[in-house]
Amino acid sequence: MLDLDFVRAQFPALETDWTLFDNAGGSVPLGRVCDLVQDYMRTCMVQLGASYGLSEEASRRVAAGNRAAEELFGSGEGDVVVGGSSSALARIAAAALRPLWSDGDEVVVTDLDHEANIGAWRELAETGLVVREWRCDPETFQLRTEDLAPLLNERTRLVAFSHCSNLVGEIQDVQAISNMAHDAGALVYVDGVAYAPHRRVDVDELGADLYVASLYKVYGPHLAALHVGKELLAMAKSQNHFFIGNDEGPYKLQPGNVNHELTASLPGIVDYFEELDRHHGGRGTIDGAFDRITAHESEIAAPLLAYLDEHPRARLLGRPVVDELRAPTVSFVPLGQRASEVPPKMDAQKVAVRWGHFYAHRFCSRFGLHENDGVVRASMVHYNSPEEVDRLIQAFDAVL
Ligand SMILES: Cc1ncc(COP(=O)(O)O)c(C=O)c1O
């Protein structure tokens, strides 16, 4: 059992009378992350890389932030590019990889993902690449490997897909998809944004060549991080100034550099996961923390999923249980009213959920969801409590 008093005490923003179920949009930050940002700005916010002592201290703290981002992915040193957002990093990656490919080469995108991992690749069609669409199963919303197989051929260079859907919470088998893509000679670009807040990411085990996550959804600041394996990073074309060469590691994919004060706060996320595990009797590992987080989330999501699955005026999207194939990101179509009508009615009860297409725009087009203003999404993370889920269900009861 997760000690929720301990967990919630780590997040100052939870001291509010709002019950927050908009966490897939962004989690609230850890108190220790806020402290590290403030401390950096108050004590050593000078330019990096100079010889004077204060600059050395600033450089040390930013380097520790980069190292923390690597630890969150299980990546090696120098394998992670920190950037402003996952959307921006996908575009930087697309521009950096395009010169490695020839006109007529192919990329595969899905119709399920957040647009961040579709548009950046689709637009390469304007430069002579062929784009193929991998459509999700219309019943389960899974990306089936049987449907990927006919899209792969000797010209496929990249398969872009999400580890977890930010709308239906469906988790994909990254390992199986990566193996298939690699057998065809293609790379995989995995959007882990909706997965990373809930489960441990280990890029080596997953076989992901590129893996991105948004740190503001993993209890940190408004930043994102992209794992790129060393060999691939060495080949990718620099997106930085001409004198910052191809051998300059992550920096070559960080034009304008990173936000120093936010990067310096990233060790706070790793510290928290380690302390969470230790607090519950573990050895103080990120893996241990996520085992506990996953178990708690499965437990708290169960009543909501059961409630919506049986509700006569709601159509739940995706699986009705949280298991290895589902995260606790829960969307449904209200029947008899528009999605946009539901959340505002819940505001009075101070229960925060939201409606819309959540940038899974193509998915909503395919399944005719825009006509109803999209879906209502209630997304939870491990700091949500069973009592909060009860409050959420009561609030839905009053408005559905
Ligand atoms: C699955 C998924 N991918 C990508 C993004 C975009 O992330 P960012 O805001 O860091 O660009 C989001 C944001 O909600 C998302 O949910």
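Can you give the Kirkwood hydrodynamic radius for segment 33-269, in Å, rounded to one decimal and based on Cα pairs?
Result for segment 33-269 stands at 18.3 Å.
Within segment 97-128, name every residue whose backbone N is under 17 Å away from a label modeled 7 Å from Cα of Ala88 along the Cβ vector.
Answer for segment 97-128: 116-117, 120.
Would you please name the GluC sites (Glu not before Pro) within segment 86-182 that are DSSP coil residues with at most 14 other C-beta atoms within 10 Å of their C-beta?
Loop-located and lightly packed - Glu139, Glu154.
With no solvent and one equal point scatterer per Cα, compute the Debye intensity ratio I(q)/I(0) for segment 49-98 at 0.14 Å⁻¹ and report its log10, rounded to two decimals.
Normalising to I(0) and taking log10 leaves -0.49.
State the answer as a single residue: which of Ile300, Pro320, Ala352 lies farthest towards the positive end of the charge dipole of segment 276-400, with beta carbon charges of +1 for Lys and Arg and -1 for Asp and Glu, about the Cα centre.
Projecting each Cα onto the dipole axis, the largest value belongs to Ala352.
Mind checking the dipole of segment 306-362: about its Cα centre, +1 per Lys or Arg Cβ, -1 per Asp or Glu Cβ, Debye to the nearest 20?
In total the dipole reaches around 240 debye.
Quick one: net charge of Asp347's neighbours, Cβ under 13 Å, K/R +1, D/E -1?
That works out to 0.
Among Cys364, Cys164, which comes first, second and so on when ranked by fewest other beta-carbon atoms within 10 Å?
So the ranking, lowest neighbour count to highest, is Cys364, Cys164.
For the chain, what's the radius of gyration and Dmax over Cα atoms, in angstrom?
Just the Cα atoms of the chain yield Rg and Dmax of 21.2, 68 Å.
Only residues of segment 255-274 count here: report those whose backbone N is under 16 Å from the spot 7 Å along Cα→Cβ of Asp291, or say none.
273-274
Assuming a viscosity of 1.306 mPa s and a temperature of 10 °C, what translational diffusion coefficient in µm² per second does Stokes-Einstein assign to segment 190-286, Rh being the Kirkwood radius over Cα pairs?
Calculated translational D: 105 µm²/s.
How high is the relative contact order of the chain, given as a whole-number percent (alpha carbon pairs under 8 Å, six or more residues apart)?
After rounding, I find 22 percent.
So, in nm, how far is label Thr16 from label Thr43 when the simple model puts each one 7 Å beyond its Cα toward the Cβ?
According to this spin-label approximation, the distance is 2.9 nm.
Strictly greater than 19 Å: what percent of every Cα pair in segment 150-238 meets that?
When all Cα pairs of segment 150-238 are counted, 41 percent exceed 19 Å.
Run through segment 1-74 and list the chymotrypsin sites (Phe, Trp or Tyr not before Pro) located in a DSSP loop whose Cβ has at most 11 other Cβ atoms within 10 Å.
Answer in residue order: Tyr52.
When N counts the residues of segment 92-173, how does its alpha-carbon radius of gyration compare numerically with 2.2 N^0.38 Å, as a ratio?
Compared with the compact-globule rule of thumb, segment 92-173 sits at 1.09.
Give me Rg over Rh for segment 69-118, both radii from the alpha carbons and Rh done the Kirkwood way, two decimal places.
1.02
Between Glu139 and Asp390, 0.36 nm times their residue separation minus their Cα-Cα distance comes to what?
Full extension of this stretch gives 87.5 nm more.
When Lys and Arg each count +1 and Asp and Glu each count -1, what net charge do the other residues less than 12 Å away from Gly245, Cβ to Cβ, add up to?
Net local charge, Gly245 excluded: 0.
Starting from 0.36 nm per residue, how many nanometres of slack lie between Asp5 and Asp204 once their C-alpha separation is accounted for?
Working it through step by step, the gained length comes to 68.2 nm.
Please give the contour-minus-distance gain from Leu151 to Glu126: 0.36 nm per residue of separation, less the Cα-Cα distance, rounded to one decimal in nm.
7.0 nm
Which of the chymotrypsin sites (Phe, Trp or Tyr not before Pro) found in segment 187-255 are in a DSSP loop and have at most 13 neighbouring Cβ atoms, other than their own, within 10 Å?
When the chymotrypsin sites (Phe, Trp or Tyr not before Pro) of segment 187-255 are filtered for loop state and at most 13 Cβ neighbours within 10 Å, Phe242, Phe243 remain.
Ranked by Cβ crowding within 10 angstrom, fewest neighbours first, how are Ser238, Ser27, Ser379 ordered?
Ordered from fewest to most neighbouring Cβ atoms within 10 Å, Ser238, Ser27, Ser379 come out as Ser238, Ser27, Ser379.
For the chain, what does -39500 (n - 2.57) per DSSP helix run (n ≥ 4), summed and divided by total residues, give at 222 nm, in deg cm²/dmol to the nearest 500?
Calculated mean residue ellipticity at 222 nm is -11000 deg cm²/dmol.
Taken together, the values in this text are just the output of simple stated rules run on the coordinates, not laboratory data. As the structure is a computational prediction, the values presented were derived from the model and not from experiment. For neighbour counting, all protein chains shown are included, and Cβ atoms are generated from backbone atoms with ideal geometry for every residue, glycine included.
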